[in-house]
Amino acid sequence: MRRSSVTVVSLLVLLAWIASVAAEATFEQGLLFEVRSQTGKSSFLFGTIHSEDARVMELAPPVQSAFDEAGSFVMEVIPDPKAIRRAMVAMAYSDGRSLARVVGQDRFREIVAAMKGRGMSPEAIKDFKPWAIVTILGLPPPETGEFLDIHLYKRALAAGKPVHSIETMDEQLAVFDDLSESDQVALLEETLAVLNQLPEVHERLLQAYLQRDLAGLSRLVKEYLRVADSEVDKRFKIAVLDARHARMTERILPFVEKGGYFVAIGALHLTGEDGVLARLEALGFDVRRRY
């Protein structure tokens with residue numbers, strides 16, 4: 001179950017990275033923002049990153065205080081067993097196809113070698129769809145599975161806070177699963193082509209996050225994706241960007257209007273002229289950086 005949880009979180013964070021590529025430098029610094037409604041009620045938006053690093057997991061005092069103060073916790077998708085099962089089913093073929101049949105034996109052997117470093121055997125991945133391999137290879141190898149989003153989720157449950165989500169697992173999965181087979185294979189080939197560059201990319205992203213540099217995070221993701229620039233990338237970015245930012249803002253609205261919520265979403269959803277914070281500000285909310 002822990003491996004499944006890691007795979008699902010990897011998928012969600014990959015969405016956050018890709019959704020940031022068109023962001024401009026709006027709300028370019030900070031990780032914690034207070035969102036105050038016109039009636040004076042406050043909630044907090046906190047940007048997360050897919051990391052097990054101890055410096056990420058140890059919440060800064062302003063973040064810890066905001067988390068403790070909030071009566072309820074909100075995250076992108078609740079990683080409960082039902083959601084994880086749905087994700088794992090969606091990530092695998094169920095119509096007789098196999099990964100080797102779709103990508104070819106030579107490419108499959110390359111995938112097997114790459115996935116060995118993630119502790120996954122040929123048998124474990126033989127029915128995976130190409131996009132599932134992309135989500136796993138595109139992010140740092142897990143060690144404990146206790147990433148920041150999961151850590152906050154568990155802490156909220158332990159504190160007895162009600163937990164809410166702003167997206168469904170089906171909505172998250174549709175971004176990938178609705179891709180044509182040829183587009184999925186193209187994304188997989190591009191990921192394999194830049195695989196040796198990813199550890200450095202991950203480290204640079206982590207350093208930018210620790211410096212609370214949202215603009216820097218956005219620039220790094222753009223730089224990474226430019227390496228594999230193609231028409232399929234462009235179509236994918238367009239499909240992810242506008243729809244998810246708009247949907248996330250719409251789903252967050254009821255919480256920030258009521259006040260008293262701690263909302264945790266991928267840090268790169270916060271920034272940009274089309275990001276969640278700018279959208280909330282345009283709707284009349286007072287948005288202020290607190291950390």
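The values are calculated or read from the model by the stated rules, or taken from the named source; none is laboratory data. Predicted model only: the values in this text are computed from it and were never measured. Neighbour counts run over all protein chains shown; Cβ positions are idealised from the backbone, glycine included.
For region 140-182, a tally of residues being more than 26 Å from residue 44 (Cβ to Cβ) and crowded, with 19+ Cβ neighbours inside 10 Å returns 6.
Quick one: would you say residue 168 is among the polar types (S, T, N, Q) and closer than 29 Å to residue 243 by Cα? Criteria met by residue 168.
Of the numbered criteria (1) surrounded by fewer than 22 Cβ atoms within 10 Å (Cβ to Cβ); (2) at pLDDT below 95, the one residue 49 fails is (1). For residue 149, state whether it is at pLDDT 90 or above and part of a helix (DSSP H, G or I). It is true that residue 149 is at pLDDT 90 or above and part of a helix (DSSP H, G or I). Residue count for region 63-98 satisfying the condition of being loosely packed, with under 15 Cβ neighbours inside 10 Å and part of a helix (DSSP H, G or I): 7. Set side by side, the residues 100, 54, 70, 92 differ, and just one is more than 28 Å from residue 154 (Cα to Cα) and among the small types (Gly, Ala, Ser), which is 100.
For region 272-289, the set of residues classified as assigned to a loop (DSSP other than H, G, I, E, B), closer than 12 Å to residue 37 by Cβ and either among the aromatic types (Phe, Trp, Tyr) or in contact with an Asp or Glu (Cβ under 8 Å, 6 or more places away or on another chain) (or both) consists of 285 only. A count restricted to region 252-268 and to residues that are over 9 Å from residue 45 (Cβ atoms), touching a residue at least 24 places away in the same chain (Cβ under 8 Å) and part of a helix (DSSP H, G or I) stands at 6. The residues of region 122-136 that are among the aliphatic types (A, V, I, L, M) and either touching a Lys or Arg at 6+ places or on another chain (Cβ under 6 Å) or buried (at least 21 other Cβ atoms within 10 Å of the Cβ) (or both), listed by number, are 125, 132, 133, 134, 136.
In summary, residue 146 fulfils each of the numbered conditions (1) in contact (Cβ under 8 Å) with a residue 40 or more places away in the chain; (2) under 30 Å from residue 67 (Cβ atoms); (3) in contact with a strand residue (DSSP E or B) (Cβ under 9 Å, 6 or more places away or on another chain) with the single exception of condition (3). Counting the residues of region 79-93 that are over 20 Å from the mean Cα position of the chain (by Cα) and without any contact (Cβ under 8 Å) to a residue 12 or more places away in the chain gives 0. Tallying residues that are touching an Asp or Glu at 6+ places or on another chain (Cβ under 7 Å) and either farther than 22 Å from residue 277 by Cα or modelled with pLDDT under 85 (or both) within region 191-229 yields 3.
Filtering 34, 58 for residues that are free of Cβ contacts under 8 Å to residues at least 60 places away in the same chain and closer than 22 Å to residue 290 by Cα leaves a single hit, 58.
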